[in-house]
Amino acid sequence: MSWSERSVRYHKRKTDCAIHHAYARLAADARVAAKFHELLHQVRHRAGCFLNAAVVNGHHPAVEALIHLARFESAHIRPVSDWSGTTSSWRVAVSSLANHLVCKYEAPFFLASSWYATDDHAADKKRSWFITHGSGVSFRMLNLPIRMTSKMEHIFLASPDHLAIAPAMLRAELLALGATAELVLVVLSTRLATDLTDGEFWRTVWHFLIANAGRIDPSQIAPLIDFIQAIRHGSTPAFCMKGRTVHSMLRLMEDWHRSLGLGGAGFSWTPSPFQPMLWEEPSSDDSAPPKRWQMIELTSGIQLRTEGAALHHCVASYANACRQGISRIWSLRFSRGENLHHVMTIEIDPKRQAIVQARGRANAKPYGKPLRLLQDWAARERLRMAI
């Protein structure tokens with residue numbers, strides 16, 4: 001049997017398993033189970049690629065979309081039997097089916113990701129946004145976590161297809177306020193890309209960063225956001241930006257960095273399912289030891305403090321997030337004989353299955369061989385590069 005045949009059989013088994021679990025989840029509600037069965041029957045006959053979505057950690061996004069479309073049967077305005085189907089990719093098929101079932105006016109492609117989101121506490125709210133906007137209501141009039149202007153709405157509804165809803169909303173907000181493309185990319189690399197709570201406060205931060213764009217080194221923006229987020233959720237929940245200067249903010253951040261990790265030094269957590277990697281680079285001098293590169297996970301507050309001290313950044317503040325499973329931190333380093341050199345710290349968002357930050361000494365961006373090694377490891381572990 002060829003590799004391609006084995007791959008097809010493996011995916012079919014995973015898909016069948018996801019469908020079986022879906023029926024089990026819906027068994028308590030006969031009406032929803034029947035609607036799921038009807039939707040599944042139609043997509044099998046009218047959209048051959050619908051079930052081709054990759055299964056990651058047991059999660060089949062297309063099957064999840066059918067589950068949620070069945071759950072929202074009361075919002076259906078057309079029968080699925082009238083859907084013309086599609087021969088395009090599974091994402092296009094999900095968008096087409098959702099628009100047919102619940103929309104009077106076509107919703108943007110990227111909004112359809114709400115139907116297969118499973119790891120988001122606000123996922124049902126986003127599905128309701130899709131339905132209400134599809135009925136003709138202006139998106140900015142919905143119950144959103146941020147105050148959206150007409151300009152923000154215009155940018156948001158034209159978001160790139162690959163963006164999820166929360167980062168698309170944050171991107172639209174920043175661009176409408178006048179942020180540069182570079183600032184947008186930096187902010188979207190932080191945890192705020194998936195957490196839009198406390199929107200009014202963060203808008204004051206965006207105004208500050210935009211107004212002082214030429215006076216803050218771009219490499220300091222992500223650490224500054226980490227600092228602000230940490231103190232707002234920790235020691236100073238009433239912290240505000242009024243009267244702050246660049247100098248005072250950077251000084252406060254540096255003071256915070258020096259005290260990092262003291263509270264979380266005793267924390268430890270179980271390793272993630274991702275696997276470490278070792279690369280060996282022979283020395284040009286036969287008498288010298290080889291250069292050994294390692295990608296390893298950090299699983300305690302003490303390890304985070306050591307990493308942060310070695311590379312002069314704030315990774316020690318992530319101890320609590322790691323303990324809660326919100327974040328995973330990995331370290332790329334190399335050794336020659338007894339000498340160990342820390343090179344780069346990597347943050348993984350387990351829910352998004354994505355590398356969301358990668359920083360070298362003093363928060364420098366990765367480049368050259370370290371970046372290539374990171375990309376090789378990400379490909380092996382099936383992690384998306386979101387940096």
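Of everything in the stretch 319-348, what is buried (at least 21 other Cβ atoms within 10 Å of the Cβ) and of a type in the set (D, E, K, R)? Give them in sequence order.
Residues satisfying the conditions are R328, E347.
Give the stretch 238-260 a look and list any residue that's loosely packed, with under 10 Cβ neighbours inside 10 Å and among the hydrophobic types (A, V, I, L, M, F, W, C), or say none.
Answer for the stretch 238-260, where residues must be loosely packed, with under 10 Cβ neighbours inside 10 Å and among the hydrophobic types (A, V, I, L, M, F, W, C): just A238.
Of these, A316, A310, A354, which one is buried (at least 22 other Cβ atoms within 10 Å of the Cβ), among the aliphatic types (A, V, I, L, M) and in contact with a Lys or Arg (Cβ under 9 Å, 6 or more places away or on another chain)?
On the way: A310 fails: buried (at least 22 other Cβ atoms within 10 Å of the Cβ); A354 fails: buried (at least 22 other Cβ atoms within 10 Å of the Cβ).
It is A316.
With over 16 Å from F110 (Cβ atoms), touching a helix residue (DSSP H, G or I) at 6+ places or on another chain (Cβ under 6 Å), at pLDDT below 95 and of a type outside the set (G, A, S) as the only criterion, which of T197, T190 stands out?
On the way: T197 fails: touching a helix residue (DSSP H, G or I) at 6+ places or on another chain (Cβ under 6 Å).
So the residue among T197, T190 that is over 16 Å from F110 (Cβ atoms), touching a helix residue (DSSP H, G or I) at 6+ places or on another chain (Cβ under 6 Å), at pLDDT below 95 and of a type outside the set (G, A, S) is T190.
Conditions first: (1) surrounded by fewer than 15 Cβ atoms within 10 Å (Cβ to Cβ); (2) over 24 Å from S135 (Cβ atoms); (3) β-branched (V, I, T). I77 passes all but one, so which condition is the exception?
Of (1) surrounded by fewer than 15 Cβ atoms within 10 Å (Cβ to Cβ); (2) over 24 Å from S135 (Cβ atoms); (3) β-branched (V, I, T), only one is false for I77: (2).
Of all residues in the stretch 1-47 being over 18 Å from R71 (Cβ atoms) and among the basic types (K, R), which is surrounded by the most Cβ atoms within 10 Å (Cβ to Cβ)?
R46
I need the full set of residues from the stretch 352-373 which are of a type outside the set (D, E, K, R), touching a strand residue (DSSP E or B) at 6+ places or on another chain (Cβ under 9 Å) and free of Cβ contacts under 8 Å to residues at least 60 places away in the same chain, in order please.
Hits for the stretch 352-373 are A354, I355, A358, G360, P366, P370, L371.
Test L175 against the stated conditions and say whether it is farther than 24 Å from G325 by Cα, of a type in the set (A, V, I, L, M) and out of contact with any helix residue (DSSP H, G or I) (no Cβ under 6 Å at 6 or more places or on another chain). Please lay out each step first, then the result.
Details: farther than 24 Å from G325 by Cα: yes; of a type in the set (A, V, I, L, M): yes; out of contact with any helix residue (DSSP H, G or I) (no Cβ under 6 Å at 6 or more places or on another chain): no.
Answer is no for this residue.
The values are calculated or read from the model by the stated rules, or taken from the named source; none is laboratory data. Just so it is clear, the model here is predicted, and its values are computed rather than measured. Neighbour counts are summed over all protein chains in view; Cβ atoms, including those assigned to glycine, are modelled from backbone coordinates with ideal geometry.
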